[in-house]
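The values are calculated or read from the model by the stated rules, or taken from the named source; none is laboratory data. Because the structure is a prediction, the values reported are computed rather than measured. Cβ coordinates were reconstructed from backbone atoms using ideal geometry, including for glycine residues, and neighbour counts include every protein chain displayed. Side chains are part of the model used for accessible areas, which takes the heavy atoms of the whole protein and leaves out ligands, DNA and RNA. Shrake-Rupley method; radii C 1.70, N 1.55, O 1.52, S 1.80 Å.
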Amino acid sequence: MSWIRKGELTLIERLSANILKAGPMPKHVAFIMDGNRRYARKLHVERQQGHTQGFDKLAETLRWCLNLEIREVTVYAFSIENFKRAKDEVDGLMELARQKFSRLLDEQEDLEKHGVCIRVLGDLTLLPLDIQKLIAQAVLATKNHNKCFLNVCFAYTSRHEITNAVKEAAWGVEQGLIKPSDVSEFLLDECLYTSNSPDPDLLIRTSGEVRLSDFLLWQTTYSCLVFQSILWPEYSFWNFCEAILQYQLNHHALQKARDLHAEARVLQQLEADRCCAAELLQQTGLGKPLDPQLRQEAVQKYTAEREGRVHSFLTVLQEKRDRFFTDLNKGSIASAKA
């Protein structure tokens, strides 16, 4: 099964989609694709078949998103916690990953046609090396596509991601790229695996479970959370429309909360810059004599310097992340030649 199923919506689906698009539409939707194993038990088939059906449903869902002009999708494909499952199931999931990422490399023409950029987010070092290399090839092959984005969270949990972001910031301080006072909510945002994406507008979990299971905890603070009882392989276009409708009904309140948080974060950063600038002035013995205008100039100078440090650090961090994929891909090429 292809990553993006071809075909148009039916007439009634197109009419419904046009009605939905008259209202505010989510630009970024996240899915916790739950219920594959229960689906397999329900049909009395092997668990692996349930997971395969789940991937097929993802391909169909991506087609709906393209038709609804939703340009970014993030999916919870494999949690770090899933490594605790039975060995045969974990091995089956790894084999499914091998098949699907190999298939993706064969579908580059279609992905380029739709402009799909594939990002794989998580601690990929926990995966078998051959899967790491396949992922690196897929990420690098589509990195310049910019019409729509599919973020696959693989070997991922949110707490692991946040912990890693703190470690990245600490590394920046150790390397002298940033100061301890530069560490802020904004900086940690940029150190997350999802730094290249806006926060999801809508998060959907299927199967009737009403918890986030350590998925995008930081990013979904102001997202619309929709929990639906349908098992993921049985998910339908109409289930998706229902979730989007719930988003639209709550859009105003969600947007207001986001705007208030953004304003508060700007003020919080400004106050932090003022405190740091005042401390520097005190250290030079110029804190008290300066008039308000000169103090303001000192704050502006400090802010510009901080922003410059943070920008340089984030550039180095992105280069480090890019190098991880590039080195893996070089290893793949070398293995192929050998």
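Quick notes
- Over the stretch 16-69 - Rg/Rh using Cα atoms and the Kirkwood inverse-distance radius: 1.13
- Semi-axes of the equivalent ellipsoid for the stretch 60-112, Cα gyration tensor, largest first, Å: 27, 16, 8
- Annotation: amide H-H contacts under 5 Å for K27 (H modelled 1.01 Å from N, sequence separation of 5 or more, or interchain): D201.
- Given charges at beta-carbon only (K, R positive; D, E negative), |dipole| of the chain in Debye: 480 debye
- Relative contact order of the chain, defined on C-alpha pairs under 8 angstrom at six or more residues apart (%): 21 percent
- Cα lying deepest toward the dipole's positive end in the stretch 214-287, options S223, Q283, Y247, charges on Cβ: Q283
- Karplus-derived HN-Hα couplings along the stretch 307-322 (A = 6.51, B = -1.76, C = 1.60, θ = phi - 60°), whole Hz, x at Gly and Pro: 4, x, 4, 5, 4, 5, 4, 5, 5, 5, 4, 5, 5, 5, 5, 4
- ³J(HN,Hα), Karplus 6.51/-1.76/1.60, whole Hz, each residue of the stretch 48-60, x for Gly, Pro: 4, 5, x, 5, 5, 4, x, 5, 4, 5, 4, 4, 5
- Here the chain exposes an accessible surface that is 54 percent carbon and sulfur, computed with a 1.4 Å probe and the other protein chains kept in place.
- Aspartates and glutamates with Cα under 13 Å of K57, excluding same-chain neighbours fewer than 8 positions away: D34, E234
- Proximal charge balance of P200 [Cβ under 13 Å; K/R count +1, D/E count -1]: +1
- Kirkwood-Stokes translational diffusion coefficient of the stretch 203-338, alpha-carbon pairs, 20 °C, 1.002 mPa s, µm²/s: 105 µm²/s
- If you take all other residues with their beta carbon under 15 Å from the beta carbon of A86, and give Lys and Arg +1 and Asp and Glu -1, the sum is 0.
- Contact order normalised by residue count of the stretch 93-144, Cα under 8 Å, 6+ apart, percent: 51 percent
- From the Kirkwood radius over Cα pairs of the chain, Stokes-Einstein at 4 °C and 1.567 mPa s returns a whole-number translational diffusion coefficient of 58 µm²/s.
- Rh by Kirkwood over Cα pairs, then Stokes-Einstein D for the stretch 56-201 at 0.890 mPa s and 25 °C, µm²/s: 147 µm²/s
- Ranked order, C65, C275 - accessible area, probe 1.4 Å, largest first: C275, C65
- Straight-distance crosslink candidates among lysines, where the alpha carbon sits under 19 Å from K21 and sequence neighbours closer than 8 are dropped: K147
- Test item: Cα-centred dipole of the stretch 1-159, Lys/Arg +1 and Asp/Glu -1 on Cβ, debye: 360 debye
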